[in-house]
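Below you'll find the structure, written out as structure tokens, and then a few comments.
The values are calculated or read from the model by the stated rules, or taken from the named source; none is laboratory data. This is a predicted model, so every value here is computed, not measured. Every residue, glycine as well, gets a Cβ built from its backbone with ideal geometry; the counts of neighbours run over all protein chains shown. Only protein heavy atoms, including side chains, enter the accessible area calculation; ligands, DNA and RNA are left aside. Shrake-Rupley method; radii C 1.70, N 1.55, O 1.52, S 1.80 Å.
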Amino acid sequence: MLRVEDAQVPVEFSPELIAKFDDVVSRYPEGKQKSGLLPILHFVQAEFGWLSVPAMDKVAAYLKILPIEVYEVASFYTMYFLRPQGKYVLEVCRTSGCCLVGAEKIMDHIEQKLGVKEGEVTPDGLFSWRGVECLAACGFGPVLQIGPEYTFYENLTNESVDKLIGELTAKAKN
Amino acid sequence: MGRKLLLEHINVPGINTFDVYRSKGGYAAVEKALKTMSPDEVVEEVKKSGLRGRGGAGFPTGMKWSFLAKPEGVPRYLVCNADESEPGTFKDRYLMTYIPHLLIEGMIVSSFALGANTSYIYVRGEMMPQIRILEKAIAEAKAKGFLGKNILGSGYDLELYVQPGGGAYICGEETALLESLEGKRGNPRIKPPFPAIAGLYGRPTVVNNVESIAAVVPIVNEGGDEYAKLGIGRSTGTKLISAGGNLKKPGVYEIDLGLPVEEFLYSDEYCGGIANGKRLKAVVAGGSSVPILPANLILKTINNEPRLMSYESLADGGFITGTMMGSGGFIAYDEDACIVRNTWNFARFYHHESCGQCSPCREGTGWMEKVLHRLEHGHGKMSDMDLLVDVSKKIEGNTICPLGDAAAWPVASAIRHFRDEFEWHVTNGAEATTRNYGLAHYADPLPKLETAG
Ligand SMILES: Cc1cc2nc3c(=O)[nH]c(=O)nc-3n(C[C@H](O)[C@H](O)[C@H](O)COP(=O)(O)O)c2cc1C
Ligand code: SF4
Ligand code: FES
């Protein structure tokens with residue numbers, strides 16, 4: 001949900017980011033630039049880790065639409081984060097196919113390993129995790145994805161999860 | 001062994017690149033269509049092929065194309081539905097990952113047939129890697145003159161773009177998809193008007209699934225009549241099946257429609273049987289939205305005929321003893337699977353994914369989730385099963401889009417076929433949280449497969 005205090009975080013869009021927006025908007029007919037909203041929000045989230053109110057307001061200004069049009073989209077779709085997350089968000093499929101092959105146990109393991117509940121951020125700011133719905137990888141479950149590139153990790157085991165968390169921790173420290 | 005029309009070259013190293021794809025005969029359908037056929041002739045071949053939409057509804061693709069309004073001077077659009085979010089379905093992601101040019105080729109030929117000069121592939125946002133793969137494939141095809149202005153000197157222009165979604169199952173519903181592509185919430189539109197008349201930006205639009213578009217390539221190459229020789233009855237051609245759950249060899253298989261379910265499940269060429277030496281308990285044959293069937297009814301129809309992987313055979317028995325082909329998301333449940341827990345899982349999914357526009361769907365899915373949660377956690381009542389059926393009936397048919405039905409059917413069918421297991425959860429609440437009900441009377445007839453011997 002949108003929170004008032006989030007409005008305080010200042011945001012600047014770099015020329016590189018704006019260039020990406022321009023490229024997206026060129027794909028639609030004249031006057032239909034609003035079609036670029038979802039792709040542009042992905043770019044903004046990839047840059048800042050989440051969508052703050054000032055960031056969304058700037059997107060609205062860029063697309064020449066009302067801020068509310070951005071908020072209603074950002075709050076409708078599950079991929080957009082309306083509050084800060086860990087640097088790495090582990091999103092584990094929690095739907096039937098993956099549960100048949102142990103997704104629930106993997107989520108329990110991640111919760112224990114990271115020491116935070118679903119949706120919370122680890123004290124070092126590195127990780128958060130949550131269950132998400134079917135990721136269209138059901139034959140290779142359990143699976144998880146990590147944004148902003150949404151790299152998939154398939155056929156998870158406790159060991160492969162530990163290894164992944166270890167690697168990401170090392171990567172963040174370098 | 002069936003013919004592979006879509007996946008024949010999937011294991012060729014480098015098939016994801018233009019050059020290797022081309023060396024295997026790729027883009028021949030573009031050459032043939034643009035140089036030797038009129039758009040209407042392409043539509044005609046697709047009609048003859050009998051191809052039915054692979055996104056779930058099974059509507060004949062050629063017929064859908066012929067409904068497209070063609071007012072003079074008004075642009076029309078082809079939008080590919082690559083939202084693939086139906087639980088159990090993972091064929092489109094597979095196809096786009098490994099053989100992206102097949103989809104690009106299909107998009108070019110189909111856009112030509114429909115007279116679209118701008119087309120979009122709407123890919124679910126979580127498939128960022130696939131979005132990158134498709135963008136690269138588009139750039140390659142464009143560099144080789146298969147996209148852009150005056151393709152192959154034919155005078156036909158086409159721009160093709162990839163659009164990411166934002167994470168919402170409902171955007172697989174074609175009008176919600178169009179709303180999303182216009183930069184809005186994915187709220188399905190009230191129909192009519194249908195997209196063929198007023199779709200993207202209010203213009204005539206065709207929305208087709210990834211696999212449907214890919215199938216146009218072999219149809220153009222070999223002719224609609226040849227395509228229609230594969231398969232059985234009105235289920236023509238081949239179909240990609242995403243096989244998951246408790247199988248020895250889960251994965252994506254291209255089958256000739258009409259393959260016996262038993263062979264698909266147990267032969268080594270396909271799923272190889274149930275994993276870990278267990279027995280089959282149930283199958284969801286076409287993605288989470290279709291009725292679940294116990295083992296005995298998925299292998300044989302109520303008339304004791306072998307059940308086939310075809311639109312007609314899977315639907316044999318209607319909703320009482322049959323199911324649907326759907327999107328081909330085939331989930332196998334072994335004897336350790338808990339049907340109550342699985343039904344709760346599905347109900348939670350639909351509640352989470354309901355767009356909230358219609359009260360029967362928004363409220364009904366929430367109720368079903370709540371009641372199933374208490375049944376699964378040992379606090380259910382005997383009256384809960386009838387309550388669930390009642391709620392599911394109140395949703396069914398009373399909503400703007402078919403998500404409501406899709407939420408109702410899995411619950412109603414689970415209770416119809418597995419009521420004993422639900423009742424056991426009520427009478428043995430505490431025990432149900434620690435152990436599984438098992439197979440009971442609907443135990444599978446163990447496979448008697450000649451090919452398996
Ligand atoms: C809730 C819901 C979700 C759907 N999800 C998808 C999907 O992910 N992919 C798809 O191709 N069709 C999906 N469909 C079906 C589409 O509305 C549409 O029928 C299909 O894209 C048409 O393409 P086809 O004729 O080639 O199958 C969905 C339908 C509903 C009601
Ligand atoms: S049936 Fe459900 S998902 Fe479909 S429009 Fe109504 S509320 Fe939205
Ligand atoms: S059920 Fe987990 S990816 Fe489909």
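Report yes if A:Val116 is over 30 Å from A:Ser35 (Cβ atoms), touching a strand residue (DSSP E or B) at 6+ places or on another chain (Cβ under 6 Å) and either away from ligand 1 (no atom under 16 Å from the Cβ) or of a type outside the set (Gly, Ala, Ser) (or both), otherwise no.
No; evaluated as a whole, the condition is false for this residue.
Between a first residue in the stretch A:62-74 that is more than 8 Å from every other protein chain (Cβ to nearest Cβ) and of a type in the set (Phe, Trp, Tyr) and a second residue that is part of a loop (DSSP other than H, G, I, E, B) and open to solvent by 50 Å² or more (accessible area, probe 1.4 Å), which pairs have beta carbons less than 7 Å apart while being 6 or more apart in sequence or on different chains?
From the stretch A:62-74, the pairs are A:Tyr71/A:Leu2.
Filter the stretch B:357-373 for residues that are touching a helix residue (DSSP H, G or I) at 6+ places or on another chain (Cβ under 8 Å) and without any contact (Cβ under 8 Å) to a residue 24 or more places away in the chain; which is nearest to the other protein chains (Cβ to nearest Cβ)?
Only one residue fits best here, namely B:Gly366.
If I filter the stretch B:307-317 for residues that are within 30 Å of A:Met79 (Cβ to Cβ) and open to solvent by 30 Å² or more (accessible area, probe 1.4 Å), do I get at least one hit?
No, there is no match, as no residue in the stretch B:307-317 is within 30 Å of A:Met79 (Cβ to Cβ) and open to solvent by 30 Å² or more (accessible area, probe 1.4 Å).
Can you name every residue in the stretch B:52-63 that is surrounded by fewer than 24 Cβ atoms within 10 Å (Cβ to Cβ) and touching a Gly at 6+ places or on another chain (Cβ under 9 Å)?
Those that are surrounded by fewer than 24 Cβ atoms within 10 Å (Cβ to Cβ) and touching a Gly at 6+ places or on another chain (Cβ under 9 Å): B:Ala57, B:Gly58, B:Phe59, B:Pro60, B:Gly62.
So which helices (runs of 4 or more DSSP H) are wholly in the stretch B:331-427 and hold at least 2 residues that are within 16 Å of ligand 3 (Cβ to nearest atom) and closer than 22 Å to B:Ala315 by Cα?
Correct list: B:339-353, B:403-427.
Which of the residues belonging to the stretch B:247-289 are open to solvent by 10 Å² or more (accessible area, probe 1.4 Å), in a loop (DSSP other than H, G, I, E, B) and farther than 25 Å from B:Asn342 by Cα?
Listed by number, the residues that qualify are B:Gly258, B:Asp268, B:Glu269.
Specify the residue that is nearest to ligand 3 (Cβ to nearest atom); the eligible residues are those in the stretch A:75-90 that are at the interface with chain B (Cβ under 8 Å from one of its Cβ atoms) and open to solvent by less than 40 Å² (accessible area, probe 1.4 Å).
Here the residue is A:Met79.
Would you confirm whether any residue within the stretch A:117-131 is without any contact (Cβ under 8 Å) to a residue 60 or more places away in the chain, within 11 Å of chain B (Cβ to nearest Cβ) and part of a helix (DSSP H, G or I)?
So far as the stretch A:117-131 goes, no, none of its residues is without any contact (Cβ under 8 Å) to a residue 60 or more places away in the chain, within 11 Å of chain B (Cβ to nearest Cβ) and part of a helix (DSSP H, G or I).
State which residue is nearest to B:Leu78 (Cα to Cα) when the search covers only the stretch B:196-216 and only residues that are open to solvent by 10 Å² or more (accessible area, probe 1.4 Å) and more than 14 Å from chain A (Cβ to nearest Cβ).
That would be B:Ala196.
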